[in-house]
Amino acid sequence: MGGLVIKVAGKVFVMLILDGEVLSHVIVKCTPAEFDELTAHDGIGQAPYCAKRLWVRIEEDALPEPELRRRIRRSFDLVVAKLPKQVQAALAAAMAP
């Protein structure tokens, strides 16, 4: 097993766990309320080695692709919200069309 860690401004927002060259799990940040909602689904549980109940591990087929993409974006947004306002503004400017 290997993986990829994806960061924004030096902070992790998603981890992709690979089994060889195949994606097996995605780990994302969530709120405590979202944690309870997500872990009620088969194939989703607390991410190992991640503090508190703020990260979930999602098996490859546990969510439809659009929902998984939404959860990854939500994780990004949660991480960005904790960054300094100046960094948030620079990211917003860089991401503007």
Distance between modelled label sites at Leu83 and Asp36, nm, 7 Å Cα→Cβ extension: 3.1 nm
Exposure of His41 as accessible area (Å², to 10), given a probe of 1.4 Å and all protein chains: 80 Å²
Total formal charge among the other residues, if their Cβ is under 12 angstrom from that of Asp19, Lys/Arg +1 and Asp/Glu -1: -3
Positive-end residue, the chain charge dipole about Cα centroid, Cβ charges, pick of Leu68, Pro84, Leu38: Pro84
Potential lengthening between Leu18 and Tyr49 on full extension [0.36 nm per residue; Cα-Cα distance subtracted]: 9.5 nm
Net charge, Val28 excluded, C-beta distance under 12 Å - Lys, Arg +1, Asp, Glu -1: +4
For the chain, calculated [θ]222 nm from helices alone, where every DSSP H run of n ≥ 4 adds -39500 (n - 2.57): -11500 deg cm²/dmol
Taking N as its residue count, the alpha carbon Rg of the chain over 2.2 N^0.38 Å: 1.11
Label-point separation, Leu4 to Arg70 (7 Å along Cα→Cβ), nm: 2.4 nm
Debye, to nearest 20: dipole size of the chain, +1 on Lys, Arg Cβ, -1 on Asp, Glu Cβ: 740 debye
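The values are calculated or read from the model by the stated rules, or taken from the named source; none is laboratory data. On a predicted model such as this, the values are computed, not experimentally measured, just so you know. Because the Cβ atoms are built from the backbone with ideal geometry, glycine has one as well, and the counts that use them run over all protein chains shown. These accessible areas exclude ligands, DNA and RNA; they are computed on the full protein's heavy atoms, side chains included. Shrake-Rupley method; radii C 1.70, N 1.55, O 1.52, S 1.80 Å.
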